[in-house]
Amino acid sequence: MHDLIAISPLGATRPRIDSHGPVTLTEVTDRALASVAARLGHEAQANALVASLIGAQAPGPARMGGETLMAFWMGPDQWMLDAPIDSHEDLAERIKAEAKGSASVTDQTGAWCRFDLSGDGLADVFERLTNANTRAFTGGEAQRAAVEHMGCFLLCHSPRHISVIGPRSSAGSLHHALLTAIRSAH
């Protein structure tokens, strides 16, 4: 019998938390992710599926929505759904069952890493990392952006709380870039 130990994207047994000045950078490891892409001719059904899952209108371009089960727009008729892993470990399978062939659903939990930045002056941090206009973020924005040459998603929960979702294979580089920008800004 193998004794496997889960590790975070940064390679530790617990999520890493760094603080500098007014900003805290937190590695988030307790979320399940699944992508949903409408199949040709089933766009309306896929849109309705996402809306029913999150209990709100399916997010449009550059938006996110929902509470416990949240979705953000990835492209035309494509969304990423996000939920607590403790209660939604089988998120992709649940969505597939409800989709009934109207959408292609893929488990994305192990493919991405997430870092949450919280505190004051986040726009000062992000202007050192990306050309996304985070200074205009008010809450609810979900924007694809390059962060240090990595394709990432910026999710604005509020001007004081922004999540960065990036490729898990680049977690160390992304963490370093975020922490360097925080130190530079504050």
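Values in this text are rule-based calculations from the coordinates and carry no lab data. Bear in mind that the values here come from a model prediction, so they are computed numbers and not experimental data. Quick reminder, even Gly has a Cβ in these numbers, built from the backbone with ideal geometry, and neighbours come from all protein chains shown.
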Given 23, 12, 73, which one lies farthest toward the positive end of the charge dipole of the stretch 1-136, if we put +1 on the Cβ of every Lys and Arg and -1 on the Cβ of every Asp and Glu?
73
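Compare the peptides 162-170, 102-110 by average per-residue count of other Cβ atoms within 10 angstrom and give them in order, highest first. Can you show the working numbers first?
Details: 162-170: 20.3, 102-110: 17.3.
Packing proxy ranking, top to bottom: 162-170, 102-110.
Roughly how big is the chain's charge dipole about its Cα centre, with Cβ charges of +1 (Lys, Arg) and -1 (Asp, Glu), in debye to the nearest 20? Write out the running numbers ahead of the final one.
On the way: 15 positive and 20 negative charges, 66 e Å.
The calculated dipole for the chain is roughly 320 debye.
At a Förster radius of 25 Å, what calculated FRET efficiency corresponds to the Cβ-Cβ distance of residue 90 and residue 37, to the nearest 0.05?
Numbers: r = 19 Å, r/R0 = 0.76.
FRET efficiency, residue 90 to residue 37: 0.85.
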I need the Debye-formula profile for the chain: one equal scatterer per C-alpha, no solvent, reported as log10 I(q)/I(0) at q = 0.08, 0.14, 0.16, 0.17 1/Å, two decimals.
-0.26, -0.77, -0.98, -1.08
For 138, 24, 130, which order do you get if you count the other beta carbons within 10 Å of each Cβ and list the fewest first?
138, 24, 130
Given a Förster distance of 45 Å, report the FRET efficiency between residue 26 and residue 100 from their Cβ-Cβ distance, rounded to the nearest 0.05.
0.75
Using only Cα atoms, tell me the angle between helix 43-54 and the longest principal axis of the chain; keep it within 0 to 90° and round to the nearest 10.
60
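Name the GluC sites (Glu not before Pro) in the stretch 54-162 that are in a loop by DSSP and that have at most 10 other C-beta atoms within 10 Å, would you?
Numbers: sites: 67, 89, 93, 98, 127, 141, 148; in loops: 67, 89, 127, 148.
Counting only loop positions with at most 10 other Cβ atoms within 10 Å, the GluC sites (Glu not before Pro) in the stretch 54-162 are 67.
Rank these for me by crowding, 74, 80, going from fewest to most other beta carbons within 10 Å. Spell out each step's value before the answer.
Values: 74 17, 80 22.
By the 10 Å Cβ count, ascending, the order reads 74, 80.
Just subtract the alpha-carbon distance of residue 67 and residue 17 from 0.36 nm times their residue separation and send over the number in nm, one decimal.
On the way: separation 50, 0.36 × 50 = 18.00 nm, distance 2.38 nm.
The residue 67-residue 17 span can extend by a further 15.6 nm.
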Net charge dipole size for the stretch 77-123 [Lys, Arg +1 and Asp, Glu -1 on Cβ; Debye, nearest 20]:
200
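Where the only charges are on Cβ atoms (+1 Lys, Arg; -1 Asp, Glu), what is the dipole of the stretch 31-109 about its Cα centre, to the nearest 20 debye?
Values: 6 positive and 10 negative charges, 49 e Å.
Dipole magnitude for the stretch 31-109 comes out near 240 debye.
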Nearest-ten-degree value, helix 171-185 long axis tilted from longest Cα axis of the chain
50
With a ≥ b ≥ c the root eigenvalues of the C-alpha gyration tensor of the stretch 31-109, is it rounded (a/c under 1.5), prolate (a/b larger than b/c) or oblate?
oblate
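Averaging sequence separations of C-alpha pairs under 8 Å and six or more residues apart, then dividing by the length of the stretch 31-109, give the relative contact order as a whole percent. Walk me through the numbers on the way to the answer.
Details: 154 pairs, mean separation 34.3, N = 79.
That works out to 43 percent.
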